[in-house]
There are 2 protein chains.
Amino acid sequence: MQCHIISIGNELLIGDTVNTNASWLGDVLTNMGVEVTHIHTIGDNYGILKRTLEHALEQADLVITTGGLGPTHDDITKKVVTELFGCELNVDEEILNFIKKIFRERNIPFSKSNYHQAEVPDCCEPLFNTQGTAPGLWFDSDRTKLAVLPGVPYEMKHLMNEKVLPKIKSSNGNTTFRYSHYITTAGVGESTLSDTIIEGLSSILPKEISVAYLPSPQGTRIRISAYGNSQKAVDEKIEPVIAHIKEKAGYLIIGEGKDLTLAQSVGEILADNKFWLATAESCTGGYIANAVTDIPGSSRYFKGGVNAYSNEVKTTQLGVRKDTLEKHGAVSKAVALQMAKGAAKRLNADIAISTTGIAGPGGGTDKKPVGTVWIGFYSEKRHFALHARFTNDRLINKERSAAVALEMVRRCILDIDEMPYGLKKNEA
Amino acid sequence: MQCHIISIGNELLIGDTVNTNASWLGDVLTNMGVEVTHIHTIGDNYGILKRTLEHALEQADLVITTGGLGPTHDDITKKVVTELFGCELNVDEEILNFIKKIFRERNIPFSKSNYHQAEVPDCCEPLFNTQGTAPGLWFDSDRTKLAVLPGVPYEMKHLMNEKVLPKIKSSNGNTTFRYSHYITTAGVGESTLSDTIIEGLSSILPKEISVAYLPSPQGTRIRISAYGNSQKAVDEKIEPVIAHIKEKAGYLIIGEGKDLTLAQSVGEILADNKFWLATAESCTGGYIANAVTDIPGSSRYFKGGVNAYSNEVKTTQLGVRKDTLEKHGAVSKAVALQMAKGAAKRLNADIAISTTGIAGPGGGTDKKPVGTVWIGFYSEKRHFALHARFTNDRLINKERSAAVALEMVRRCILDIDEMPYGLKKNEA
């Protein structure tokens, strides 16, 4: 089954928006054995959309469009497909009532252009969109199938997962597909991982298996992919490679699965051990707590935290001593240690982590340049701080500090001595 | 001048790589007054590349391809263009010597496939690539111009900036370019903005000026764009439209500029008024504090905050009364009000905001479904809470709650009575 994707929106052509919808679609379709052969990115232009759609419907078995379904005048996708299939626009009462309900709940006046959102061509199946006001459309002819989806990523993904993928599965014989296995590491850089740790992999790697390193400030994800006509067949094919990687990477592996995050893996370990976590954040300013609470069910192990951005709050809310702040400064081992201990005691947690540093771009000195961060840990058994020197970029410094702090928790609970990125422990 | 971009590489179709090359090209070309009308993303496939290239050369005045110039067998771009233009491949001695030099310096054995890297079609101008081993190619016919560039982003950008853009400028006469002005709003949806507030715009909008709404959970950015032969000329052209939008949108506008964020705008207002902000976050779990501290210099106005994820922390760190929690539950007006007041008092801040809600996916009830959020405000003059009902998506609910809370701060400081998205104030 061959597929064309048509991404619609001027913002994609002029570089305002990077086309992440298309790569997400390419990934999920490829994994289902659908071959994406052409991604068209075009603007909100009636003629070009019509020509491109006609071409795609001629070339492919499956066509998926995203974008151009909004309420504003420049959203023309529904007009084009309605004319192309020579059918009529009718208001779908169920959708209209749902949209009106959303507007009531959100206290937004319901306007004429929103009314148009409920119009659906009478020659297609509307794809009810519980995430927004623009329904998707499904056109099913013997030769070609067409899915018309909104451009808002989470709406598009929702309709794709809930409505379109099941339809493709059933119509697609699904003879061969790509299966990928993901192994996620933390606290190690891509080159260290590929050079030394997974050394010798290429020599045992069959041509039909591909291994990719997907680095992020959290760590590096390893993807092992191969094609096959059954998941079992692919599993058997890639099993030796997975075994090799697991043996070499050892404790650096935080888990498997494409979407596993460090916060999720740490959360599971905390929950399994019935430990409560608390945070005391200065330079990360809430980044860690936000990442922890992005995980559903984090209330099972996260007590909460203090964002001690000012020295005053470090003192009043975490009990950091004034004389320590004066003697060592806010960015110091002593303050990081007191912040972590204070958070654990005051929030009644088993484990607390703290960050204090110079995120930048300002505030750096010769002795404490931008990127200098102290990361503290406190539990009944352990009390120490890590000293790191990151980048000149404020946001990357927050992200890296958070990643080290979370991975430090995982390694401490699992009694792993080595700290992330080889950082040294400075005991209290 | 109209342009088609052809991005070549299987990794782009299967979702391994996001096509950032195309958006970078779209941005630089658009600002030069070149109109990108179609971006084709295709695989390393001889037939599809040939057909797509023929189509693009027919439709556009300028065609730019990226990718498929490497030394491996699946890099077929050079083969295709050579055949398409009916010319011969000859080795370019200068390029050959340069490539050999690179290999000597890197101590890599020079192989036959690398030799092919120095081959150039005799009907084009080679674009010497000092950043890598694959030269770019420039085909210049009276009708259409074609630039063939490598896919490695920094090599592509280097050749584009150094070689291709000057050629386009000269052939384009560089008479016209595009200039965009951005106006950012908050606390209002795209449709409300376009229907009621900027009502009547389309009637006064000259054809050569385009207005686009770029919605996000933070609010909606309005982009006003026009082409002209000088920035001054474009400024004069779009000035009446900007004036109209500013008059209609009024207090909904938080500022101008492409990258302005709500947290930045609120931060400036806090700093100007010498107000200190504190946060008390339950369902947003640090999202607000993280957004506030993403802004350099936020230590001038952000005291810090408490992430009161558990009821225990709401009580011990913010002074929320146990009986209130028992009587009304954590997700209630009373708790939101006490959280905000507690944060202001304990963190010694002028203004405090709080969030408590059911982010989901679990925890919803008939009376308090997922997406139910109370957002509290406290200052000496004002003490109230907003009740909102957002989506079923956990992360979106955090983002929306944070956006309402921050915009609420901006409007209160500026004495604007209307609350974001028309939410009603529930006074203490």
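So here's what we get for this one:
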quantity: Unique match (being within 23 Å of A:I254 (Cα to Cα), of a type outside the set (D, E, K, R) and open to solvent by 60 Å² or more (accessible area, probe 1.4 Å)) among A:N273, A:N290, A:N311; calculated: A:N273
quantity: Breaking point among (1) at pLDDT below 90; (2) more than 21 Å from B:D92 (Cα to Cα); (3) not polar (S, T, N, Q), for B:K145; calculated: (1)
quantity: Test: B:A352 is in contact (Cβ under 8 Å) with a residue 12 or more places away in the chain, buried (at least 18 other Cβ atoms within 10 Å of the Cβ), touching a helix residue (DSSP H, G or I) at 6+ places or on another chain (Cβ under 7 Å) and more than 11 Å from every other protein chain (Cβ to nearest Cβ); calculated: yes
quantity: Segment A:3-23 - residue that is among the polar types (S, T, N, Q) and in contact with a Ser or Thr (Cβ under 6 Å, 6 or more places away or on another chain) and, of those, farthest from the other protein chains (Cβ to nearest Cβ); calculated: A:N21
quantity: Residues of segment A:285-315 that turn out to be in a helix (DSSP H, G or I), more than 7 Å from chain B (Cβ to nearest Cβ) and of a type in the set (S, T, Y), as a count; calculated: 2
quantity: Residue that is more than 29 Å from the chain's Cα centre (by Cα) and either within 13 Å of A:I5 (Cβ to Cβ) or crowded, with 22+ Cβ neighbours inside 10 Å (or both), where the choices are A:L84, A:L69, A:L49, A:L62; calculated: A:L49
quantity: Every residue from segment B:413-428 that is buried (at least 20 other Cβ atoms within 10 Å of the Cβ), on the phi < 0 side of the Ramachandran plot and outside any loop (DSSP other than H, G, I, E, B); calculated: B:P420
quantity: Count of segment A:355-384 residues which are outside any loop (DSSP other than H, G, I, E, B), of a type in the set (S, T, Y) and open to solvent by 20 Å² or more (accessible area, probe 1.4 Å); calculated: 1
quantity: Of the criteria (1) in contact with a strand residue (DSSP E or B) (Cβ under 6 Å, 6 or more places away or on another chain); (2) more than 7 Å from chain B (Cβ to nearest Cβ), which one A:D44 fails; calculated: (1)
quantity: Failed criterion for A:Y251 (all others in (1) surrounded by fewer than 22 Cβ atoms within 10 Å (Cβ to Cβ); (2) in the same structural domain as A:N307 (by TED's automatic domain parsing); (3) in a helix (DSSP H, G or I) hold); calculated: (2)
quantity: Options B:G151, B:G187, B:G132: the member that is open to solvent by less than 40 Å² (accessible area, probe 1.4 Å) and touching a His at 6+ places or on another chain (Cβ under 9 Å); calculated: B:G132
quantity: Selection within segment B:316-327 - open to solvent by less than 10 Å² (accessible area, probe 1.4 Å) and either under 13 Å from A:S310 (Cβ atoms) or within 8 Å of chain A (Cβ to nearest Cβ) (or both); calculated: none
quantity: Residue identified as free of Cβ contacts under 8 Å to residues at least 60 places away in the same chain, in a helix (DSSP H, G or I) and open to solvent by less than 20 Å² (accessible area, probe 1.4 Å) among A:A405, A:A388, A:A336; calculated: A:A336
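The values are calculated or read from the model by the stated rules, or taken from the named source; none is laboratory data. The shown structure was predicted, so the numbers you read here are calculated from the model rather than taken from an experiment. Positions of Cβ are generated from backbone atoms using ideal geometry, with glycine treated the same way; all protein chains shown enter the neighbour counts. Ligands, DNA and RNA are excluded from the accessible area calculation, which covers all protein heavy atoms including side chains. Shrake-Rupley method; radii C 1.70, N 1.55, O 1.52, S 1.80 Å.
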